[in-house]
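Asker: One structure follows; several queries about it will come next.
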Ligand SMILES: Nc1nc2c(ncn2[C@@H]2O[C@H](COP(=O)(O)OP(=O)(O)O)[C@@H](O)[C@H]2O)c(=O)[nH]1
């Protein structure tokens, strides 16, 4: 059993909440007391039938406004997989929420209302999914019941979507016709759409191959914490604790510590307090080096034969997440894994129109939800890879030095 | 070679990563230890994150005075085995010092008063981060909480001012007086916790397993008789075979009827159940639909 993390995206009323509710309901992840709570909720929209969309309805602050404003996480599992849904809805703050939810996702479900076809919002969601590098995309064409379960409607949307997103080079797109409300093609193949002969949604989610989403080639381990018991018995114990973000390590591997460039060899690897001969991506481990060199939190241990870039100048795609606009020349903390350095946003190359995918070179102010390309200078060198190659070592956030708020998501080019 | 990590290994590794981020980013962290299965799981994860070193934080227990004796005994023996520091602060002392009003009623719960003791202990030790065992599957308000959740000086949580949390990058920067609540097992469900306990062969307080207990049946829930609840003439007192799904205060935690005497039986019961953990066992959440959200905003964990 493994874990699939996914996000759902759609315009308001495309049926996102209903779809999530349906998945949870049909996988029996909703308990009777939670159903009672939904039933007792005054705003049940559908007379008599259970309004599944209320399952994902969140905090009271949001309920009072009648909209969902933040990312909520939902869980369900089947015998094959554990699923983590980042439900990232919202109106004005949509880009920010979706970027947040998407950052850890293996898969995005992009909802389209069959009656409306591909809309501006669909493009925006797809662009963000591709920018964040979500490896798998499901285009869920919903409300098929309202278009007579028509194969033509479905086919035309597939053609439109394919054409509109051609320039994004999406890796893997799966199209599924659904009725979230009535349950068509959710768990079982719909008898209303015999022309669709492929997987229903849940089956696809259970079986889509995600092993290859992890990079086992480029070994990167950011040091989070140095374990030094300094007791009599463990006087010389010095272990570098961290999570292997990609690649793997074996005892005896020649390694380099970055950004210092100091070299050594792996003396031992511990995982869960047990010594192991090798360890690989996603494991939290403790590494021991042959030589007594200076290693501290924020350093990255890599294999000497395969090094990332070390530099103070970064080219990044960014999404601005703060209500305060970006002021060029302002200083921010840049955090990448466990490394924090001071930095400055130098030049803004262009802003991306997230609806049309066009680049805008006019120098407008960068505001909340803007996606743009810029250059950043850091106060000292950092080690990184391009985001396209390695999500884990090409990502960073900017933090406002005065408010401490996370103001931007950065994808290093 | 099959590199793929099992889902429990992935959850474990993520939790260890979060704990190490807390240790790396904060000067005075602490681990909030309630004696329940979730905080016992946190302790196991801390061992995996920091051994053979010492934990870079003490365990802190806010004792409401309404605890199950079994849970307290378990706490003390665990701490002894671990050889780590435990700080205990009593809600009863806070009530005396601050002249707080004890809640009244049949199941008068000190749950809300815990917040005062918690804020005092944060102040006393100048804690800047508190690790807690909350899970997002527990309840709607938790489902939206960050893994690093910033609280102001009053311990308050503002759902509208949450920082975006991207990738595995946790922003722990705070102003003086603020603190961060960190939740390493956010992404675990109740069943994940039990599966992990089973896999790790962890010990738990005996009340998690089926045992005979004298209970009051109250609005369909079973509440253990104890000096902390008011008995009334009409009370239906029963002897039942029960276990606890969560271990909180004796005043506000209900037992469930069960025959499960081993972990395997419990896992099977959890898989078969159709009532959520909170719905079945917490008396205090039913009061209002937004009960938890209100408490969190006021500094509750
Ligand atoms: N007929 C039909 N209605 C649907 C379907 N999915 C959702 N709806 C309805 O569309 C409306 C908006 O759905 P909701 O899930 O709240 O949309 P959201 O804003 O994307 O979360 C609700 O009235 C739903 O009942 C569907 O497949 N068929």
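Asker: If residue A:229 satisfies all but one of (1) outside any strand (DSSP E or B); (2) in contact (Cβ under 8 Å) with a residue 12 or more places away in the chain; (3) surrounded by 14 or more Cβ atoms within 10 Å (Cβ to Cβ), what's the number of the condition it fails?
Answerer: (2) is the only condition that residue A:229 fails.
Asker: A further question on this structure: Looking only at the stretch A:232-256, which residues are within 9 Å of another protein chain (Cβ to nearest Cβ), more than 16 Å from residue A:395 (Cα to Cα) and in contact (Cβ under 8 Å) with a residue 60 or more places away in the chain?
Answerer: Selection gives A:242 alone.
Asker: Next question. Being within 16 Å of the ligand (Cβ to nearest atom) and either on the phi < 0 side of the Ramachandran plot or outside the structural domain of residue A:140 (by TED's automatic domain parsing) (or both) is true for just one of A:202, A:234, A:258. Which residue is that?
Answerer: Working: A:234 fails: within 16 Å of the ligand (Cβ to nearest atom); A:258 fails: within 16 Å of the ligand (Cβ to nearest atom).
On inspection, the qualifying residue turns out to be A:202.
Asker: Starting from residues that are within 19 Å of residue A:107 (Cβ to Cβ) and out of contact with any helix residue (DSSP H, G or I) (no Cβ under 6 Å at 6 or more places or on another chain), keep the ones in the stretch A:5-19 and report whichever is farthest from the ligand (Cβ to nearest atom).
Answerer: A:5
Asker: For the stretch A:95-122, what are the residues that are within 19 Å of residue A:352 (Cα to Cα), surrounded by fewer than 24 Cβ atoms within 10 Å (Cβ to Cβ) and within 14 Å of the ligand (Cβ to nearest atom)?
Answerer: Once the filter is applied, which keeps residues that are within 19 Å of residue A:352 (Cα to Cα), surrounded by fewer than 24 Cβ atoms within 10 Å (Cβ to Cβ) and within 14 Å of the ligand (Cβ to nearest atom), the stretch A:95-122 yields A:119, A:121.
Asker: While we're here: Picking from B:177, B:133, B:155, which residue would you name as being closer than 30 Å to residue A:408 by Cβ and either touching a helix residue (DSSP H, G or I) at 6+ places or on another chain (Cβ under 6 Å) or in contact (Cβ under 8 Å) with a residue 60 or more places away in the chain (or both)? Quick ask: steps written out before the conclusion?
Answerer: Details: B:177 fails: either touching a helix residue (DSSP H, G or I) at 6+ places or on another chain (Cβ under 6 Å) or in contact (Cβ under 8 Å) with a residue 60 or more places away in the chain (or both); B:133 fails: closer than 30 Å to residue A:408 by Cβ.
Sole residue among the options that is closer than 30 Å to residue A:408 by Cβ and either touching a helix residue (DSSP H, G or I) at 6+ places or on another chain (Cβ under 6 Å) or in contact (Cβ under 8 Å) with a residue 60 or more places away in the chain (or both): B:155.
Asker: Sort out which residues of the stretch A:141-154 are surrounded by 24 or more Cβ atoms within 10 Å (Cβ to Cβ) and assigned to a helix (DSSP H, G or I), and write them in order of number.
Answerer: If the condition is that a residue be surrounded by 24 or more Cβ atoms within 10 Å (Cβ to Cβ) and assigned to a helix (DSSP H, G or I), then A:144 is the only one that fits.
Asker: Also: Give the residues of the stretch A:327-355 that are under 22 Å from the mean Cα position of the chain (by Cα) and surrounded by fewer than 14 Cβ atoms within 10 Å (Cβ to Cβ), sorted by residue number. Give the steps one after another, and end with the answer.
Answerer: First pass over the stretch A:327-355, keeping only residues under 22 Å from the mean Cα position of the chain (by Cα): A:333-340, A:351-355.
Matches in the stretch A:327-355: A:355 only.
Asker: If residue A:306 meets every condition in (1) within 14 Å of chain B (Cβ to nearest Cβ); (2) surrounded by fewer than 17 Cβ atoms within 10 Å (Cβ to Cβ); (3) modelled with pLDDT of 95 or more apart from one, which number is that one?
Answerer: (1)
Asker: Follow-up question, since we're still on this one. Just to be sure, is residue A:161 within 16 Å of the ligand (Cβ to nearest atom) and either more than 14 Å from chain B (Cβ to nearest Cβ) or touching a residue at least 40 places away in the same chain (Cβ under 8 Å) (or both)? Spell out how you get there, then give the answer.
Answerer: Details: within 16 Å of the ligand (Cβ to nearest atom): no; either more than 14 Å from chain B (Cβ to nearest Cβ) or touching a residue at least 40 places away in the same chain (Cβ under 8 Å) (or both): yes.
When the stated conditions are applied, residue A:161 does not pass them.
Asker: Then there is this: May I ask you to verify whether residue A:182 is within 14 Å of the ligand (Cβ to nearest atom) and in a helix (DSSP H, G or I)?
Answerer: Working: within 14 Å of the ligand (Cβ to nearest atom): yes; in a helix (DSSP H, G or I): no.
In short, no.
Asker: Would you point out the residue of the stretch B:4-33, among those that are in contact with a helix residue (DSSP H, G or I) (Cβ under 8 Å, 6 or more places away or on another chain) and assigned to a loop (DSSP other than H, G, I, E, B), that is modelled with the lowest pLDDT?
Answerer: B:4
Asker: Which one of these is in the same structural domain as residue A:98 (by TED's automatic domain parsing), touching a strand residue (DSSP E or B) at 6+ places or on another chain (Cβ under 7 Å) and part of a helix (DSSP H, G or I): A:138, A:158? Lay out the reasoning, then the answer.
Answerer: Numbers: A:138 fails: part of a helix (DSSP H, G or I).
After applying the criteria, what remains is A:158.
Asker: For the stretch A:27-37, does any single residue satisfy the condition of being modelled with pLDDT under 85, within 16 Å of the ligand (Cβ to nearest atom) and assigned to a loop (DSSP other than H, G, I, E, B)? Walk me through how you get there before you give the answer.
Answerer: In the first step, residues of the stretch A:27-37 are kept if they are modelled with pLDDT under 85; the result is A:27-37.
Pick out the ones that are also within 16 Å of the ligand (Cβ to nearest atom) and you get A:30.
Remaining after also requiring assigned to a loop (DSSP other than H, G, I, E, B): A:30.
Checked the stretch A:27-37: at least one residue is modelled with pLDDT under 85, within 16 Å of the ligand (Cβ to nearest atom) and assigned to a loop (DSSP other than H, G, I, E, B).
Asker: Oh, and also: All but one of (1) at negative phi; (2) in a loop (DSSP other than H, G, I, E, B) hold for residue A:252, so report the exception by its number.
Answerer: Residue A:252 satisfies all of (1) at negative phi; (2) in a loop (DSSP other than H, G, I, E, B) except (1).
Asker: Could I ask something else about it? For residue B:152, are the conditions met, namely being closer than 11 Å to residue A:73 by Cα and either more than 10 Å from chain A (Cβ to nearest Cβ) or in contact with a strand residue (DSSP E or B) (Cβ under 7 Å, 6 or more places away or on another chain) (or both)? Full working, then the answer.
Answerer: Values: closer than 11 Å to residue A:73 by Cα: no; either more than 10 Å from chain A (Cβ to nearest Cβ) or in contact with a strand residue (DSSP E or B) (Cβ under 7 Å, 6 or more places away or on another chain) (or both): yes.
When the stated conditions are applied, residue B:152 does not pass them.
Asker: Give me a count of the residues in the stretch A:279-294 that are away from every other protein chain (no Cβ under 14 Å) and part of a strand (DSSP E or B).
Answerer: Filtering the stretch A:279-294 for residues away from every other protein chain (no Cβ under 14 Å) gives A:289-294.
Checking which are part of a strand (DSSP E or B) leaves us with A:289.
Number satisfying all stated conditions: 1.
Asker: Determine whether residue B:74 is within 14 Å of another protein chain (Cβ to nearest Cβ) and closer than 30 Å to residue A:230 by Cα.
Answerer: Working: within 14 Å of another protein chain (Cβ to nearest Cβ): no; closer than 30 Å to residue A:230 by Cα: yes.
Against the criterion (within 14 Å of another protein chain (Cβ to nearest Cβ) and closer than 30 Å to residue A:230 by Cα), residue B:74 does not qualify.
The values are calculated or read from the model by the stated rules, or taken from the named source; none is laboratory data. Just so it is clear, the structure is predicted and the values come from calculations on it, not from any experiment. With ideal geometry, Cβ positions are generated from the backbone for all residues, glycine too; neighbour counts draw on all protein chains shown.
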